[in-house]
Amino acid sequence: MPQKKRTPFRPPQNKTPAEDTSSTAGRPSKRPRSANNADLPRQEAEDGASDKPDKRRSRAASHFEDEAEASPVDDATEKLHKVLAQSGLGSRRDMEAAIIAGRVTVNGRPAQVGDRVSPDDRILFDHRPLRKLKPDQLPRILIYHKPEGEIVSRDDPEGRASVFEKLPRVRGGKWVSIGRLDYNTSGLLIFTTSGELANRLSHPSFEVEREYAVRLMGELSAEQCQQLCDGVELDDGLAKFEWLRDDGGEGSNHWYRVMLREGRNREVRRMFSAMSMMVSRLTRVRFGVINLPPRLKRGMLLELEEKQVKMVLDWAGVETAGSAPAGKPKSREKREAAPTKERRDVPRNPRAGQTKTRIRRGGGKQ
């Protein structure tokens, strides 16, 4: 009669010596495990007698151990295009283009996009050593009241006047414009030596508030004002003002104050053109937390003080000396609730808030 298979839940059946001998016939005999034999693996592990690697160590454990050993090296390196941008040579996108063009070398070899560098690496930009900012050195920020008739570009085939011609020289870096203004648009224009700051404030995901004073030939109706706040379909997509305010006027000229969170090409002019209204003057009066000072006349420059620079960097989420590592830009709610008392340190427009009528998106007049 065949014997039933043994399971973990059934105790072994008692066998006679004859059955035991027949069942084990033809099988190699196992070495009996004595008390000394049972402790042998443990003793070898404690004495380190075995040279074989411990296979019982999991892959996750080995991964974390290798990562812990490599972490000091990773923490000491940074992306090459970020280091170049922090040195004031341009935005991150410009630095990536310079790396692709072969203008950057690291330790004598051509750099590649995605390379990481350490403080000890020798970096050459256009065959010149990179001049890095000191840990306690803040970037510079300039406010310029751009007049009409100047272009925001370093190279112009038509030879028109450029805003960069009036900026002071920067040793080992260059000025980067935060946003642009059209040839026929005047107002606030910001320059900085920090490519990181320029990248954060110019990126569409940051949604920086841009406020403009607009003079129209004629007056808008209530329906047109509401439509501009709800959205106007342009060639490159839907555009809308976050709010629109009536500043009054005399004769055929009428002033309005508008705010939007993007900076597409000639966007404000095209939105009013969609309403069959012609813009006779357009001036930017605010960009984020920086306002156009009333004492700053057209064509004049003003450099922010150290305290004001720190406030702008903190608002933009850019890392400064002694601060925590920079994270993502602050959300819209945090930015709007950001510094109320410290905001007075940045020059403000005294006319802000002195208006009669304001129309907000999704509502009527206030």
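The values are calculated or read from the model by the stated rules, or taken from the named source; none is laboratory data. Remember, predicted model here, so these are calculated numbers, not experimental data. All Cβ positions, glycine included, derive from the backbone under ideal geometry; neighbour counts span all protein chains shown.
When you scan region 195-205, how many residues do you find that are under 17 Å from Val268 (Cβ atoms) and crowded, with 22+ Cβ neighbours inside 10 Å?
0
Can you spot a residue in region 244-263 that is under 24 Å from Leu201 (Cα atoms), surrounded by 15 or more Cβ atoms within 10 Å (Cβ to Cβ), at pLDDT below 90 and not acidic (Asp, Glu)?
The answer is yes; a qualifying residue exists.
Checking Ala101 against (1) at pLDDT below 80; (2) within 24 Å of Lys174 (Cβ to Cβ); (3) exposed (fewer than 10 other Cβ atoms within 10 Å of the Cβ), which single condition isn't satisfied?
(1)
Pick from Val117, Val113: which is crowded, with 17+ Cβ neighbours inside 10 Å and modelled with pLDDT of 85 or more? Spell out how you get there, then give the answer.
Numbers: Val113 fails: crowded, with 17+ Cβ neighbours inside 10 Å.
Just a single option satisfies the conditions, and that option is Val117.
Given region 273-366, what strands (runs of 3 or more DSSP E) lie entirely inside it while holding 3 or more residues that are at pLDDT 50 or above, assigned by TED's automatic domain parsing to the domain that holds Arg180 and surrounded by fewer than 17 Cβ atoms within 10 Å (Cβ to Cβ)?
Working: elements: 279-287, 301-303, 357-360.
Those strands (runs of 3 or more DSSP E) span 301-303.
Return yes or no: is Leu124 surrounded by fewer than 21 Cβ atoms within 10 Å (Cβ to Cβ), of a type outside the set (Lys, Arg), not assigned by TED's automatic domain parsing to the domain that holds Phe241 and not in a loop (DSSP other than H, G, I, E, B)?
On the way: surrounded by fewer than 21 Cβ atoms within 10 Å (Cβ to Cβ): yes; of a type outside the set (Lys, Arg): yes; not assigned by TED's automatic domain parsing to the domain that holds Phe241: yes; not in a loop (DSSP other than H, G, I, E, B): yes.
In short, yes.
Being under 28 Å from the mean Cα position of the chain (by Cα), assigned to a strand (DSSP E or B) and free of Cβ contacts under 8 Å to residues at least 40 places away in the same chain is the filter here, so list the residues in region 211-260 that pass it.
Those that are under 28 Å from the mean Cα position of the chain (by Cα), assigned to a strand (DSSP E or B) and free of Cβ contacts under 8 Å to residues at least 40 places away in the same chain: Gly237, Leu238, Ala239.
Suppose the filter is assigned to a loop (DSSP other than H, G, I, E, B), surrounded by 19 or more Cβ atoms within 10 Å (Cβ to Cβ) and in contact with a strand residue (DSSP E or B) (Cβ under 7 Å, 6 or more places away or on another chain); does Val208 pass it? Reasoning before the result, please.
Values: assigned to a loop (DSSP other than H, G, I, E, B): yes; surrounded by 19 or more Cβ atoms within 10 Å (Cβ to Cβ): yes; in contact with a strand residue (DSSP E or B) (Cβ under 7 Å, 6 or more places away or on another chain): yes.
Against the criterion (assigned to a loop (DSSP other than H, G, I, E, B), surrounded by 19 or more Cβ atoms within 10 Å (Cβ to Cβ) and in contact with a strand residue (DSSP E or B) (Cβ under 7 Å, 6 or more places away or on another chain)), Val208 qualifies.
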